[in-house]
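Taking it in order: structure first as structure tokens, then the write-up.
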Amino acid sequence: MNNEDYLLIAFRLLGSLALLIFGMKTMSDALQKMAGAQLRSILGRMTTNRFTGMLTGVAVTAAVQSSTATTVMTVSFVNAGLLTLAQAISVIMGANIGTTMTAWIMSAGFSFNITDFVWPAFIVAMFLVYRKRHESLGDFLFGIAFMFLGLGTLRQTGVDMQLGENETVLRFFASFDPHSFSTTLLFLLIGGILTMSVQSSAAVMAITMILCSSGALPIYQGIALVMGENIGTTVTSNLAALTASTQARRAAFAHMFFNLFGVCWVLIVFHPFIDMVCGLVGYDVNMTKEAVGQAAFLANAAKLSVVLAAFHTCFNVTNTAILIGFIPQIEKIVCKVIKAKDADGNEMAEAPVRLKYIDTAVMRTPEISVLQAQKEISHFVVRIDRMFGMVQELVAKDGDDFIKLYSRIEKYEGISDRMELEIAEYLEHVSDAHLSDETKAAIRSMMREVSEIESIGDACYNIARTLNRHYTEKKPFTPQLETRINAMLQLTGDSIKEMGSVLQTEINTGSTSRTMEIEQSINSLRNELREQNMADVNDHLYDYVVGTLYMDIINECERLGDYVVNVVEAHAGK
């Protein structure tokens, strides 16, 4: 072949890999759009013990063809307190087994020419996409079609490259002793580096299958590459989780520990274990081209894609069987290595504000990210409730205590502004992806919720500023006024707590009746206090300035109650 032929093959190789990765991502995203809420429900309900957790991980990952999606869902449930870290580890173990389905799909693509079957799938997918009702199903079929087109093109490219007959390539791989431990470690390292470089374990698996099935790469080196890919994909997730929450980093480290442990024991029994897998598939490890001829040798080598898939499955199933009984010990190791971060109480004073549940560094699945955003909004309300509690305390403070508490409220105001921006930017980023109509509606509701919650923070700060004027201008409230202010603040605080309870429910659910009852009570009390204030000022019980400051607080509380109603109605889809 001349240089132009090699250039064309290189483009075909890279293009087919891109088609493969794009197809898998499209298929995974479409499945999550069709069943995102159901998958979250399955993860939340079917993890009662380590074995059901493991089986759940297998089922969900096999369904969505993405161990990353399963891991992100699992971490979000741990952060939300719906799963323990031990249960999450069992789900991640199952995800490692479920992801081996990808290798079997690739093996099928390399075993026969599958591209002839993709063209009808493209036609059907096109019609489904243009029918809005079945758009997600059309995307799913497009994903499958692109994936198999990529696999078929890769297979044909491997044949056209004639690697099994290229003496230069054969001499290069033959220069490594397949029985040498250093050779195994070298190819393991190459597999890890390749996976980290291309950010896709599927791409490395596909390359390995091309090399092995063409007869160029011996099976021992090929499996070493696969083992390196298993480690490389966990290094990538750990690097991504460096800036994430403690639980996200622990889950990522547990994934790495699981795969590293598996690689270590496989290295001890490397050749016997591979020979066993080859025996199960029917591949002759000792067959040489010189002994049986080119045709028989290549026919035997064609089984290597199945050997790689079988090894991937046997490795993960055996590793899970060994470690599933030691999940409590793994949890202790993970918690010891990844220390917990400082509590929220000191966070705003000593460190820049961090979101608790949203980790943009590890966000991979838009449909599942909605759950994390919901939890973050609930956490936002917890902060606002804490801020309002400080405002209630401020009424009775004096001297240095007043100044210190007012300063903390100012800092919380800055935090609420930044949290609104960060959550809104996150939701905006998620909304850029292809989402189901239900999820798009949920994101619109959450954007509205975040804006109104930040307005509640502004109202809290406005009340604190009015109290600060009352303090600095030496305009004390009478005991009767303080009692009335506290009564209004108590009602307003009840509305914030009720809002927090409503936000714990799913989007477009939850009752607004209790919130509306409190709002009516706030309005009635505001009207009553306004009339009483006019009478008291006319009777000279206190001067006009004090009455103005007092009514500013009462009116701001009433506005705050309106913001609460807006949040609850947005959450209920009204």
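The values are calculated or read from the model by the stated rules, or taken from the named source; none is laboratory data. Since the model is a prediction, treat every value here as computed from it, not as a measurement. Heads up, the Cβs are rebuilt from the backbone with ideal geometry, glycines too, and the neighbour counts pull from every protein chain shown. Ligands, DNA and RNA are stripped out before the accessible areas are found, and what is left, the full protein with its side chains, is counted by its heavy atoms. Shrake-Rupley method; radii C 1.70, N 1.55, O 1.52, S 1.80 Å.
What pairs can you find where one residue is in the stretch 174-186 and without any contact (Cβ under 8 Å) to a residue 40 or more places away in the chain and farther than 16 Å from Gly215 by Cα, the other is outside any helix (DSSP H, G or I) and open to solvent by 80 Å² or more (accessible area, probe 1.4 Å), and their Cβ atoms are less than 9 Å apart, with a gap of 6+ or different chains?
From residues that are without any contact (Cβ under 8 Å) to a residue 40 or more places away in the chain and farther than 16 Å from Gly215 by Cα, there are no pairs.
Filter the stretch 417-434 down to residues that are surrounded by fewer than 20 Cβ atoms within 10 Å (Cβ to Cβ), at pLDDT 85 or above and touching a Lys or Arg at 6+ places or on another chain (Cβ under 8 Å), then give me how many there are.
The total comes to 0.
Pairs please, first residue from the stretch 210-235 and closer than 19 Å to Arg12 by Cβ, second anywhere and outside any helix (DSSP H, G or I) and open to solvent by less than 10 Å² (accessible area, probe 1.4 Å), Cβ atoms under 9 Å, 6+ apart in sequence or on different chains.
Once the first residue is closer than 19 Å to Arg12 by Cβ and sits in the stretch 210-235, its partners that are outside any helix (DSSP H, G or I) and open to solvent by less than 10 Å² (accessible area, probe 1.4 Å) give Ile210/Ala216; Ile210/Leu217; Leu211/Leu217.
Does Ser378 meet the test of being small (Gly, Ala, Ser), assigned to a helix (DSSP H, G or I) and farther than 19 Å from Ile496 by Cα?
Spelling it out, it is not the case that Ser378 is small (Gly, Ala, Ser), assigned to a helix (DSSP H, G or I) and farther than 19 Å from Ile496 by Cα.
Yes or no, residue by residue, for (1) under 15 Å from Glu498 (Cβ atoms); (2) open to solvent by 50 Å² or more (accessible area, probe 1.4 Å); (3) among the charged types (D, E, K, R):
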residue	(1), (2), (3)
Ile522	yes, no, no
Gln532	no, yes, no
Gly547	no, no, no
Ile554	no, no, no
Glu558	no, no, yes
